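The values are calculated or read from the model by the stated rules, or taken from the named source; none is laboratory data. Given the structure is predicted, the values throughout are model-derived calculations rather than measurements. Cβ atoms come from the backbone with ideal geometry, glycine included; neighbour counts cover every protein chain shown. Surface accessibility is based on the protein's heavy atoms, side chains included, excluding ligands, DNA and RNA. Shrake-Rupley method; radii C 1.70, N 1.55, O 1.52, S 1.80 Å.
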Amino acid sequence: MLKTVENNTASGWVNGFLGVLIFSGSLPATKVAVMNFDPIFLTVARASIAGLLALIILFVFKEKRPVSNQLVSLFIIAMGVVIGFPLLTALALQHITSAHSIVFLGLLPLSTAIFGVWRGGERPRAAFWVFSGVGSLLVIGFAFMQGLSASLTGDSLMLAAVIVCGLGYAEGAKLSRVLGGWQVICWALLISLPAMLIMTILFMPNSFSNVGIPAWISLAYVSLFSMLIGFIFWYRGLALGGITAVGQLQLLQPFFGLALSASLLSEPVSLLMVAVTIGVILCIIGSRKFAR
């Protein structure tokens, strides 16, 4: 029995890591996309594309429909991660840079952990909150040391995005324990699909002639990876490894994004970034030890 629990935990951390790795490109891709697309159109279009793919997946695998008491959870998930977080971040990134959003990504693990306690019934020890708080402060401190400018509108939208996303993550992880990770995100996308398709038509621009290739690539990324594929790994990771524990892996997401920029755009990686990343990893290890 103990070996099975350890295997599940290890699998949870691997899946969670892959999910965070995929999500790391979401905000930069959204920033590129909103330069050519209206934020509302971007939100509903990405949800529609992912929803149509989810419909195909559910049909191919002939999945049973969720029972009535699971529909409320699926609605919460849809409002949190299918509509809420993408829309609020797209609106926020019209006022702030993707780098500035690092400040708020540092709060996402705490948000997820709090909702994990409330919705998932988890009870981490006091030391967990110490490591989680220190890790968040390291990320936020690093972001502010980059000389970021503030925007009340952008910051308020990002704070709201973090709250609804944490709720969507925790609710999805709880439901994944009985429904399955990929099933949860597929059903949440399918529930949203009718409204998203209608809004896509209503908010569709008159012409796409001014939309560049980078914006189309970004739309494809946030639709396929950020909206669907990433959640398959992420919800499975949270369900197997624990919402509060695996959720701390989100602290690495900003640094994955910066590493991606360094490799693709030849941007320099400072010693400070390396030092803070090491500190964050140590906090994740500490929080994992005290999460259960």
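Over segment 179-251, accessible surface divided per residue gives 39 Å², non-protein components excluded, 1.4 Å probe. Computed from the C-beta positions of Ala195 and Val72, the FRET efficiency with R₀ = 22 Å rounds to 0.80.
For segment 37-145, the set of chymotrypsin sites (Phe, Trp or Tyr not before Pro) satisfying both a DSSP loop assignment and a count of at most 16 other C-beta atoms within 10 Å is given as Phe61.
Rounded to the nearest 20 debye, the dipole size of segment 1-290 about its Cα centre is 780 debye, using +1 on the Cβ of Lys and Arg and -1 on the Cβ of Asp and Glu. Among the lysines of the chain, pairs that are 8 or more positions apart or on different chains and have alpha carbons within less than 27 Å of each other number 5.
If R₀ is 35 angstrom, what is the calculated FRET efficiency for the pair Ile56 and Ala126, using the beta carbon separation as r and rounding to 0.05? The value I calculate is 0.15. Computed over every Cα-Cα pair of the chain and binned at 10 Å starting from 0, the pair-distance distribution P(r) comes out as 7, 29, 36, 22, 6, 0 percent. With the largest listed first and rounded to whole Å, the semi-axes of the equivalent ellipsoid of segment 49-169 from the Cα gyration tensor are 30, 21, 11. With the cut-off at 1.5 for a/c, could you classify segment 142-216 from its C-alpha gyration tensor as rounded, prolate or oblate? In terms of gyration-tensor shape, oblate. Quick check: at a probe of 1.4 Å, how many percent of the accessible area of segment 103-196 sits on carbon and sulfur atoms? Its accessible area is 71 percent carbon and sulfur atoms.
The calculated 222 nm mean residue ellipticity attributable to helices in the chain amounts to -23500 deg cm²/dmol, summing -39500 (n - 2.57) over DSSP H runs of n ≥ 4 and dividing by all residues.
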